[in-house]
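Accompanying notes for the structure given below.
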Amino acid sequence: MEKQVWIVGHKNPDTDSICAAIAYADYKNQLQKRQEASEEETTLFVPKRAGELNAETTYVLNTFGVTPPDLIKDVGTQIKDIAIRRTEGVSGHISMKKAWEMMQTHKVVTLPVVNAMNKLEGLIVTGDIAKSYMDVYDTCILSTARTQYKSIAQTLDGTVVSGNGHGYFVRGKVVIAVGSRELMAESVEHDDMVIMGDLEESQILSIAEGCSCMIVTNGYKVSQKVLEAASQQDVVIISTPYDTFTTARLINQSMPIKHFMTQKNIIHFHMDDYVDEVRDSVSKIRHRDFPVLDENQNYVGMISRRNLMSTQKKKLILVDHNEKSQAVANVEEAEILEIIDHHRIGSLETMAPVYFRNQPLGCTATIIFQMYQEKQLTMSKQIAGLLCSAILSDTLMFRSPTCTPMDKEAAMQLAQIAGIRVEQHAQCMFEAGSNFSNKTEEEILNQDFKIFYFGDISFGVSQISAMSRGELDKVQHRVEPKLPAMLVEKKVDMFFVMLTDIFTETTRLVCCGESAYELAREAYGEKEEENPNSEDSVEREDGIVLKGVVSRKKQLIPALMNALNERNM
């Protein structure tokens, strides 16, 4: 057996978030191979992403020939995470008796009915079978249900001794042959099914009257004369060891379940349905068992109310974040095993102790590089290229104040392993990330967006980096009109956009929301009545220019948090 652990970065992922997930999955899989793993169960560590790739990250993955991780938008527990009962689907042609026997054998109260293509056709429950026994049916019910002769023989523990057992009883009624010759002639009609004993004369008479099937009770042997007459008229003869009373009592159990099964408005679920939503639906329904279908509408198995109580949470390792607001949806429903990060400690809570490695470095990739070295693991050129790219991205090629000597040293070593030139590669990355022509305004604002909280106050920060101020001016002209709508969509009080010129190391801060500009001025020591032409901060009609400010994590967020804190003092 193999279980999976997903390694995932934050929503609106940047290059560090994606590359860290891919590299850490490689690291964990290598570690497991080194350890003595159980033969019965192994763990596969799989990188995932919680949002769409930006242009810079796409360029990096393409450069090193790496397939992007699959997208996950929600890690809530799904039907596929619980113990699905693999009750085999049955044909609608099996008899009621056969269905009952299967229910007893498998200790279930519901059988799914499927066709030859494994598509769900209906459900048969014990209540349906009980109802079929208790209800009073007319003598034509077997033909109305199109009962197969083979099923009748099996139900009566009998044998088809003449005729086509694979045929169906489709017309006529069921008659018990008793009384005189005249009485029989009146009661037996064309296409009827006749239950009788060993009287050869009555058997010949029934065939002469045009019966379609004759059931001989008590195991009596059928004479050659009768067999020949039946063969000439295509009459099916079934021999049963039961007496006439027992035969008449059991024969209705031979009817196919499709005649009694539920076919319309079947409540079913899919493998990707979330358990919380399923519980809400199930609580309003009296049924005990529910079929599960896959994405192609094929039958998979059954779940019960009890199954919904024993769920297996998804197992996650988080990289490059530890804030609930930045994590994939329903992260609180998952089991978090590890967190590898370089940001401030945030609001995320875990149910049990976890491995948490948080270092004040410029990039998560630097931490993962250290871990490779600590365990003396082999690093491929691909992984080295990804980690180097992540460091260059997060540190703006060592220009960011978050960059440490460890980050720079790690990047240079990784570049050597990957066989790349740092400056040339970084410039290509940043140029790819600066191409906004094929993106909508919403995509631009979301590509590197995070939400932060201070008490009851929430604010979002989107950082847009480019190689030139001219490119940033074009982007600002496009995105600024969208900011009021983004306030509503993101449900935040304030919205800040960092338009960062990588090479001049300058950010123009565009603000939206009540008191957003005032907060920014307070954060950077600028009062409305003071000199707007300060060396470090210049307020303009279209934003506040912050010289030397390029890091959201180290230069913007702490300043805004301090300003909010001073307001509350």
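Kindly establish whether SER132 is within 24 Å of GLY210 (Cα to Cα) and either outside any loop (DSSP other than H, G, I, E, B) or among the aromatic types (Phe, Trp, Tyr) (or both).
It is false that SER132 is within 24 Å of GLY210 (Cα to Cα) and either outside any loop (DSSP other than H, G, I, E, B) or among the aromatic types (Phe, Trp, Tyr) (or both).
Just for the stretch 488-520: of the residues that are in a helix (DSSP H, G or I) and surrounded by 19 or more Cβ atoms within 10 Å (Cβ to Cβ), which one is nearest to the chain's Cα centre (by Cα)?
ALA516
Quick check on TYR27: is it open to solvent by 40 Å² or more (accessible area, probe 1.4 Å), over 23 Å from the mean Cα position of the chain (by Cα) and modelled with pLDDT of 90 or more?
Answer is no for this residue.
Condition check: buried (at least 16 other Cβ atoms within 10 Å of the Cβ), among the small types (Gly, Ala, Ser) and without any contact (Cβ under 8 Å) to a residue 60 or more places away in the chain. Does ALA208 satisfy that?
So ALA208 does not fit the description; no.
For the stretch 438-483, give me each residue that is farther than 22 Å from GLN555 by Cα, under 30 Å from the mean Cα position of the chain (by Cα) and not in a helix (DSSP H, G or I).
Across the stretch 438-483, the qualifying residues are LYS439, THR440.
Might you check whether a residue that is in a helix (DSSP H, G or I) and either open to solvent by 10 Å² or more (accessible area, probe 1.4 Å) or at pLDDT below 95 (or both) occurs anywhere in the stretch 5-21?
no
Where in the stretch 322-426 are there helices (runs of 4 or more DSSP H), lying wholly inside it, with at least 1 residues that are open to solvent by less than 10 Å² (accessible area, probe 1.4 Å), closer than 28 Å to MET467 by Cβ and touching an Asp or Glu at 6+ places or on another chain (Cβ under 7 Å)?
364-375, 381-394
Are there any pairs with C-beta distances below 9 angstrom linking a residue in the stretch 63-77 that is on the phi > 0 side of the Ramachandran plot to a residue that is of a type in the set (Gly, Ala, Ser), with the two at least 6 apart or on different chains, and if so which?
So the pair list comes out empty.
Taking the stated definitions as given, is ILE195 within 22 Å of ASN252 (Cα to Cα), in contact (Cβ under 8 Å) with a residue 60 or more places away in the chain, of a type in the set (A, V, I, L, M) and open to solvent by less than 70 Å² (accessible area, probe 1.4 Å)?
no
Among the residues of the stretch 91-118, write down those that are surrounded by fewer than 20 Cβ atoms within 10 Å (Cβ to Cβ) and aliphatic (A, V, I, L, M).
MET102, MET103, VAL108, VAL109, VAL114, ALA116, MET117, listed by residue number.
Out of (1) on the phi < 0 side of the Ramachandran plot; (2) free of Cβ contacts under 8 Å to residues at least 60 places away in the same chain; (3) touching a helix residue (DSSP H, G or I) at 6+ places or on another chain (Cβ under 9 Å); (4) of a type outside the set (S, T, N, Q), the odd one out for GLU228 is which?
(3)
The values are calculated or read from the model by the stated rules, or taken from the named source; none is laboratory data. Quantities reported herein were computed from a predicted structural model and do not represent experimental measurements. Virtual Cβ from ideal backbone geometry, glycine too; neighbours counted across all protein chains shown. These accessible areas exclude ligands, DNA and RNA; they are computed on the full protein's heavy atoms, side chains included. Shrake-Rupley method; radii C 1.70, N 1.55, O 1.52, S 1.80 Å.
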